[in-house]
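The values are calculated or read from the model by the stated rules, or taken from the named source; none is laboratory data. Just so you know, these numbers come straight off a predicted model, no measurement behind them. Cβ sites come from the backbone with ideal geometry, for glycine too, and all protein chains shown count toward neighbours.
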Amino acid sequence: MRANAITITGLTKTYAPSAKAPAKEALRGVDLAIPRGSIFGLLGPNGAGKSTMINILAGLVRKTAGSVDIWGFDQDKNPRQSRAAIGVMPQELVLDPFFTPRGALDVQAGLYGVPRAQRKTDAILDLIGLADKADAYARSLSGGMRRRLLLGKALVHSPQILVLDEPTAGVDIELRNMLWANVRRLNAELGMTIILTTHYLEEAQEMCDEIAIINHGQVITRDTTTNLLGQITTKTLLITPDGPPHVPPLPPGITGAVRDGALALTYDHTQHAADQVLDLLRDAGITITDIKSEQATLEEVFLALTAAR
Ligand SMILES: Nc1ncnc2c1ncn2[C@@H]1O[C@H](COP(=O)(O)OP(=O)(O)O)[C@@H](O)[C@H]1O
Ligand SMILES: [Mg+2]
């Protein structure tokens, strides 16, 4: 069995009522174990409770009940060690405009008690692509640069776990690619455990080994990405005929539609074989010029899971 980077048990969070809003139960008894060395996705719609969970891990939000163990240290019993094991890139842009990137990294390293001789400020500036902006005031940095600086701040104390809260919400493609390249590198080269939240299902599918889907403050499923995608047994073949497409007579369990000049045939692959579907077309006198197979997506998994409740 792999050791866990994080073990969360019975975690609840109820935000106190305010003048504007009643009390809010943001987390309702979450149990979750995140293995060391993984790229783990916390997936769920807006308001599901993802940031609340991350902020509890980061020590920024106080939990209502439950326990949190980070790298073998209970958050309540060993707050210092558990905090040292984790670096968090928050969802919100929180930066002091009067610091330069170098200054911000130094202050952060100081907060974590990293001795000067052990600071890797220049290496971090290089990694986040801000070496040439090292001494520019944060207020002169673009939104993308500020986000990169937040990533840098999360790394100053060389944590074993890096947490990224919606790192690509509203960022351009270039920054997104740069972030993902860095994350993959930190995971592959240093074995850093990566936890990221996103509401982009495609992104989670592409990046994560394992995924927990959370909805209304509860974990509704948790599995490897491969197993989650394997839950979808519906398969679609997109067939281009050599003439105008039309739907031939089909037996029960196979449905057909014309889509973008192609014939889309959908069936349960545990009930029907692709061969059988293609034979039906040949029997109907259809000549096939091209075949594509559509992959299951996490979106289908998500819809299937949330529809069942
Ligand atoms: N500081 C807060 N005070 C009151 N309610 C909050 C606070 N932060 C978040 N919430 C509420 O808790 C729920 C979960 O929010 P959040 O953890 O931010 O979800 P997510 O990150 O998945 O979008 C939402 O209903 C949100 O409005
Ligand atoms: Mg959030």
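Things worth noting here:
- Whichever residue in the range 78-129 is in a loop (DSSP other than H, G, I, E, B) and among the β-branched types (Val, Ile, Thr) and, among such residues, is surrounded by the most Cβ atoms within 10 Å (Cβ to Cβ): ILE128
- The helices (runs of 4 or more DSSP H) located wholly in the range 186-297 that include 2 or more residues which are more than 15 Å from the chain's Cα centre (by Cα) occupy 225-230, 274-283.
- Among residues of the range 1-24 that are at positive phi, those with a beta-carbon under 8 Å from a residue that is away from ligand 2 (no atom under 16 Å from the Cβ) and of a type in the set (Ser, Thr, Tyr) at least six positions away or on a different chain give the pairs GLY10/SER67.
- Matching residues, the range 22-65, being more than 17 Å from ASP76 (Cα to Cα), within 12 Å of ligand 1 (Cβ to nearest atom) and part of a loop (DSSP other than H, G, I, E, B): PRO22, ALA23, GLY44, PRO45, ASN46, GLY47, ALA48, GLY49
- Flag for LEU164 being touching a Lys or Arg at 6+ places or on another chain (Cβ under 6 Å) and either assigned by TED's automatic domain parsing to the domain that holds PRO35 or within 16 Å of ligand 1 (Cβ to nearest atom) (or both): no
- The range 263-281 residues that are farther than 10 Å from THR234 by Cα, paired with ones that are among the aromatic types (Phe, Trp, Tyr) and buried (at least 16 other Cβ atoms within 10 Å of the Cβ) (beta carbon under 9 Å, 6 or more apart): ALA274/TYR267; GLN276/TYR267; VAL277/TYR267
- Hits in the range 130-185 (condition: small (Gly, Ala, Ser) and either free of Cβ contacts under 8 Å to residues at least 12 places away in the same chain or outside any helix (DSSP H, G or I) (or both)): ALA131, ALA134, ALA136, SER140, SER142, SER158, ALA169, GLY170, ALA181
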